[in-house]
Every structure is written in structure tokens, then in C-alpha cells.
Amino acid sequence: MSQEQAAEKNVPVIELRHVDKHYGDLHVLRDVSLSVARGEVVVIIGPSGSGKSTLCRTINRLETIDSGEILIEGEPLPQEGRELARMRSELGMVFQQFNLFAHMSILDNVTLGPREVLGQPKEEAEKYALELLARVGVAEQAHKVPAQLSGGQQQRAAIARSLAMRPKAMLFDEPTSALDPEMINEVLDVMVELVRGGMTMIVVTHEMGFARRVADRVVFMADGQIVEEGAPDDFFDHPRSQRARDFLDSIKGH
Amino acid sequence: MSAARTLSMRDALYEAPGPRTRRRVRIGTAVSAVVVLLAIAAVVRQFWVTGQLAPRYWSLFLQWTTWRFLGQGLLGTVAVALTAGAIALVLGLVLMLGRTSGVRPLAALCRVVTDFFRGVPSLLLIYFFFFVPAQLGLKLPSFWMLTLPVALAASGVLAEVFRAGVNAVPRGQVEAALSIGLSRGKTMRKIVLPQAVRYVIPSLIAQLVVVVKDTTVAYVVSYPDLMQNARVLITSYDALVSLYLVIAVIYILINYAINKASVAVANRTGVKIVR
């Protein structure tokens with residue numbers, strides 16, 4: 001199914017149906033169902049160990065699932081091989097630890113995917129990469145290696161690396177959790193820009209201000225389950241479940 | 001690099017010494033210097049007493065032919081060591097890739113081969129190549145009777161060295177590569193191996209030194225390496241101690257050169273990985 005057809009039929013970009021996963025005895029995902037429409041921004045919050053990161057990582061199969069279904073634009077997530085690699089290339093992923101390729105310059109980090117996976121010529125890939133690096137504000141760092149950048153700069157470069165693949169959706173797995181406080185906003189600003197540009201996003205985060213400002217929907221997870229979900233203002237001002245109330249109380253600012 | 005200040009190993013492992021420790025270090029240095037000097041004096045005296053310093057043991061080094069013969073041996077050593085080292089690098093890499101491939105039978109096979117070559121003394125492998133091909137009517141040149149077993153022995157170790165390097169590459173690097181759509185093979189080639197090799201360069205150097213030292217059993221197959229040629233000179237001049245001393249110095253210089261060269265290569269491979 002082409003993108004236009006999918007859009008016409010209003011097929012969700014990402015859909016999870018009754019997903020279950022165990023780590024040994026630990027039931028990390030319990031019957032999780034979630035659907036993300038084109039252009040929608042879904043923020044997943046919850047206490048640590050609630051399964052929110054795992055959920056994010058199952059969507060491009062960095063984690064496997066025991067049962068249930070994951071559909072990308074209505075098609076089941078491939079299990080392996082070239083089809084899986086292609087599907088992954090169409091979903092951007094941003095990690096807590098940035099995971100920039102340590103032995104490559106920032107520019108090479110961003111052009112690797114376009115050149116090796118999409119087969120773009122070097123000049124084209126570099127032109128677009130520099131454009132993206134400028135957009136996230138690290139163009140001057142293009143020829144440095146990751147270790148020479150601050151955490152915030154690394155994470156912004158990592159976002160540029162994902163964008164270079166022109167993904168149909170982006171997954172953010174706690175993108176600001178490893179950052180010093182003064183660098184969190186520079187990364188969130190880039191993400192807000194993406195939201196404005198209409199990117200479909202799933203964001204696992206502890207940044208409640210960000211969630212309230214940009215989320216179309218907040219999903220609250222605890223013990224591997226989606227406990228409740230709703231519009232950010234509804235959720236933050238009138239949480240329905242006791243778990244969500246306890247969680248929001250526990251993180252309330254000092 | 002501003003973000004990453006490099007610490008010397010000493011700084012990283014030990015705390016800075018205080019005044020009392022510094023005094024102890026000074027005393028220890030002085031004492032050990034005296035002990036070393038005494039030991040050298042004792043050795044020289046013993047040589048003198050036993051007549052090892054007599055001109056007839058050393059005059060051969062004034063002859064051009066001695067050095068030419070040793071030089072030919074040195075070339076032989078270098079040829080075997082470089083060939084064996086190159087074969088071992090490739091084979092070690094192949095064994096490691098096979099072992100980590102995830103294809104069960106292949107992994108098991110590579111594991112057995114690796115452990116076998118790692119466990120069997122290289123001298124035993126040399127005897128194998130000396131006797132077995134001959135039994136089968138296969139005539140191997142002495143160069144290969146020496147090079148192949150030395151290479152095989154080293155490949156087992158190098159496979160493990162590479163595997164350690166691959167395991168040292170953080171999982172996140174692989175996940176990031178997979179997430180932009182790179183295949184497993186490309187992830188290995190473009191992301192994991194380049195980093196793994198940088199991690200293990202010191203171990204690779206150490207192993208090349210072992211290869212050079214392994215070649216000294218060339219006499220088993222009568223291959224004219226440095227050691228074998230020295231042995232020939234020893235019998236013809238009846239000058240055992242002096243010759244062994246001189247070639248020991250040559251071996252030390254070779255291995256010192258290997259260390260220097262490898263560090264230069266490592267620095268030239270571009271960016272160092274700093275985390």
C-alpha cells in the first residue's frame with residue numbers, strides 16, 4: 001500500500017494490537033494496544049520499569065514480542081532480513097544514550113544511512129546532511145567526532161541522523177534523560193520544531209512540560225500496561241486512575 | 001579535544017603519591033639501580049673469569065660475512081613473521097565472524113577450530129606440518145612448514161582478540177546502525193569492526209611479537225631464519241654466548257620496532273575512540 005493510499009484510508013502509521021512480552025517471569029508488556037495516526041504526537045509517561053521504553057523499542061523490533069501484532073501503515077512489522085531493515089529505515093529512532101557512531105565524524109554519522117541504505121550519492125547525502133545539521137544547530141560540529149560534542153549537541157546530531165532517512169515516523173526513547181539539565185531544552189526545542197513540521201512521533205519521556213505543550217495524546221503506563229490515556233490537559237489536571245494520581249504527585253516539583 | 005581529557009594509565013589507576021610515598025619511591029629507585037649495576041658487574045666479571053670476553057668469541061663480528069649471514073637470517077625471520085601475521089589476521093577475523101555469525105553449526109565449528117589452534121603449542125603444529133604432509137607425499141617448502149603452523153597458532157588467539165574487541169563495542173552502536181536500516185553484515189563492517197579493531201590494537205601488537213618469537217623454532221624445519229643462521233655461526237665459530245647475546249639484542253630491537261610501528265599505524269587510522 002503506498003503512502004497516499006494509506007493516508008486516504010486513514011490507516012494508523014503505527015498500531016499495536018494486544019502486544020505481550022515477558023522477560024523470564026517478568027511480564028513487561030501486558031496486552032498493550034496503541035494506535036498512532038499520521039501527524040499525531042503521542043507521549044508515553046510512567047514510572048521506571050513500567051515498560052514504556054520496551055514498548056518504544058518493540059516498534060522497530062529492537063525488542064521482540066511474545067504475542068500480539070505490530071502494524072506499520074497497516075502492514076505487519078517484518079520479522080527479519082531485508083524487509084525488516086527497510087521498515088527500520090523508515091522509522092527514525094532516537095536513543096537515551098545518543099548512540100552516535102563513535103569512530104565517525106558527525107557528518108559521516110548523518111550520511112551513512114542515506115548512502116548505504118538509500119544509495120544516495122555522496123554529494124547529495126552531504127548536502128542534505130549539512131542542511132539538517134544546520135536545522136538542529138550543530139552545523140559547525142559537522143567535522144568533529146561525537147566525543148568532542150556536548151551531550152545536547154550529540155543528541156541533536158542523532159536526531160539529524162534519523163531525519164536524514166526521511167522517516168515516516170520518529171520514536172524517541174527518553175531522549176533527554178542522559179542530558180545535563182541545561183542541555184535538555186535545546187533538544188526539546190528541536191523536537192518541538194519537528195512537531196510543528198507535522199512529524200508523527202512517539203516520545204517516551206519524563207519531561208511533563210514538553211508532554212503538556214506538544215502532545216496530542218498522553219499515554220500513562222504502569223506495570224507493563226496502559227493505565228490511561230487522554231489529551232494532555234485532561235490527563236495532567238484530572239487523572240482518572242489512582243496510579244496516575246500517585247505518579248503525578250510523586251514527580252511534582254519542589 | 002576539549003571534551004575528553006586523556007588520562008595516562010598511571011593517573012587512572014593510582015592516586016597521586018604523597019610526601020612519604022615519594023621518599024620511599026626515591027629510596028627504592030636508588031636501591032634498585034645499585035642492585036642492577038651490581039648484577040651487570042657480576043655478569044661481566046663472570047664472563048671475564050670464564051673467558052667469554054676473549055677476542056676469539058667476538059672477532060667474528062668484525063667480519064662483513066657474519067653480518068651478511070645474520071642479515072639473510074633476519075630477512076627470513078621478517079618474511080615468515082609478516083606472512084604468518086597476515087594469514088593469522090585474516091584467518092582470525094574469519095574464525096571470529098564465523099563464531100559470532102549466529103549460524104549454529106558454523107559457530108560451533110569455528111569455536112572448535114579456534115580453541116584447538118589456541119590450545120596446541122605452535123611447536124607441535126610445526127612438527128605436524130613437518131611430518132604429516134611428507135607422509136602424504138606432499139613436499140612443502142620449509143618456509144611454509146614454518147609459516148603455516150605459526151599462522152594457525154596465532155589465528156586462534158587473534159580470533160579471540162577480535163571477539164573481545166567486538167564484545168567491547170557498546171550494544172547501542174549496533175542498535176543505532178540497525179535502526180537506520182543497515183543490514184547485519186553492514187553493521188558489522190561499517191560500525192562494529194572498525195571500532196573493535198581500534199580497541200584491540202595493543203593486543204594485536206602483542207600477538208605479532210609472539211609470532212616473531214614463534215619463528216625462532218625454524219631449526220626444526222631447517223628454515224634459515226635469524227635463529228637458525230645464528231646456530232650455524234655458533235657451530236662454525238664455537239662462539240655460543242656472544243652470538244646469543246647479539247641476536248637477543250636484534251630480537252629485542254625488532255619487537256621494539258613493531259611496537260613503534262603499530263602505535264604509528266594506530267595513530268594514523270584517524271579518530272581515536274574516546275568516550
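The values are calculated or read from the model by the stated rules, or taken from the named source; none is laboratory data. Predicted model only: the values in this text are computed from it and were never measured. A quick note on method: Cβ atoms are made from the backbone with ideal geometry, for glycine too, and the neighbour counts reach across all protein chains shown. Only protein heavy atoms, including side chains, enter the accessible area calculation; ligands, DNA and RNA are left aside. Shrake-Rupley method; radii C 1.70, N 1.55, O 1.52, S 1.80 Å.
Miscellaneous remarks
- Accessible carbon and sulfur surface of chain A relative to its total accessible area, %, 1.4 Å: 45
- The residues packed around residue A:208, meaning those with a beta-carbon under 13 Å from its beta-carbon, carry a net charge of -1 if Lys and Arg are +1 and Asp and Glu are -1.
- Share of pairwise Cα-Cα distances greater than 22 Å in the stretch B:89-225 is 47 percent (whole percent).
- 14 Å beta-carbon shell around residue B:238, net charge (K/R +1, D/E -1): +2
- Solvent exposure ordering (accessible area, 1.4 Å, most first) of B:128, A:236: B:128, A:236
- Tensor-based shape of the stretch B:1-153 (alpha-carbon gyration tensor, a/c under 1.5 rounded, otherwise prolate or oblate): oblate
- Working note: Karplus 6.51/-1.76/1.60 with θ = phi - 60° gives the stretch A:86-94 the couplings 5, 4, 4, 5, 8, 10, x, 9, 10 Hz, where Gly and Pro are set to x.
- For the stretch B:186-227, dividing the convex hull volume of the Cα atoms by the residue count gives 89 Å³ per residue.
- Converting phi to 3J(HN,Hα) with the Karplus coefficients 6.51, -1.76 and 1.60 and the offset θ = phi - 60°, the stretch A:54-66 yields 4, 4, 4, 6, 5, 5, 10, 6, 6, 10, 8, 10, 7 Hz in sequence order, with x at every glycine or proline.
- Calculated on the Cα set of chain B, radius of gyration then Dmax: 24.0, 75 Å.
- Each eigenvalue of the Cα gyration tensor of the protein assembly as shown, multiplied by 5 and square-rooted, gives one semi-axis; in descending order these are 62, 28, 21 Å.
- Along each principal axis, taking the top coordinate minus the bottom one, the Cα set of chain A gives 54, 47, 39 Å in descending order.
- The calculated Kirkwood hydrodynamic radius for the stretch A:49-184 is 15.7 Å, given to one decimal from all distinct C-alpha pairs.
- Listed values for the stretch A:181-194 are Karplus-derived 3J(HN,Hα) couplings in whole Hz (6.51 cos²θ - 1.76 cosθ + 1.60, θ = phi - 60°), namely x, 6, 9, 5, 5, 5, 6, 4, 4, 4, 5, 4, 4, 4, and x replaces Gly and Pro.
- Per residue, in Å², the accessible surface of chain B once ligands and nucleic acids are set aside, probe 1.4 Å: 59
- Most mobile of B:255, B:167, B:229 in a GNM of chain B (Cα contacts under 10 Å): B:167
- Environment charge of residue B:73, counting only residues whose C-beta is closer than 11 Å and scoring Lys/Arg +1, Asp/Glu -1: +1
- Angle between chain A longest axis and helix A:242-251 axis [Cα atoms, degrees, rounded to 10]: 50
- Based on the Stokes-Einstein relation at 4 °C and a viscosity of 1.567 mPa s, and on the Kirkwood radius from alpha carbon pairs, the stretch A:39-97 is assigned a translational diffusion coefficient of 101 µm²/s.
- Sites residue A:37 and residue B:107 - FRET efficiency at Förster radius 35 Å, r taken between beta-carbons, to 0.05: 0.20
- Percentage relative contact order, the stretch B:1-156, counting C-alpha pairs under 8 Å, at least six apart: 23
- Relative contact order of chain B, defined on C-alpha pairs under 8 angstrom at six or more residues apart (%): 23
- Accessible surface buried by the B/A pair amounts to about 2100 Å², both sides summed, 1.4 Å probe.
- Accessible surface, 1.4 Å probe, highest first, among residues B:175, A:90: A:90, B:175
- Other-chain or far-sequence residues with amide H under 5 Å of residue A:201's (modelled H): A:40, A:41, A:42, A:170
- Surface accessible to a 1.4 Å probe, residue A:22 within the full protein complex, Å²: 80
- Amide H contacts of residue A:28: A:21, A:22, A:23, each under 5 Å away and 5 or more positions distant or on a separate chain (H built 1.01 Å from N in the peptide plane; Pro and chain starts excluded).
- Its relative contact order, with pairs defined as Cα atoms under 8 Å and 6+ residues apart, puts chain A at 26 percent.
- Database remark: amide H of residue A:227 closer than 5 angstrom to the amide H of A:220, A:221, A:222 (H placed geometrically; neighbours at sequence offset of 5 or more, or on other chains; Pro and chain starts carry no H).
- Net dipole in debye of the protein assembly as shown [+1 Lys, Arg Cβ; -1 Asp, Glu Cβ; about Cα centre; nearest 20]: 2820
- Ligands, DNA and RNA aside, residue A:17 has an accessible area near 100 Å² when probed at 1.4 Å.
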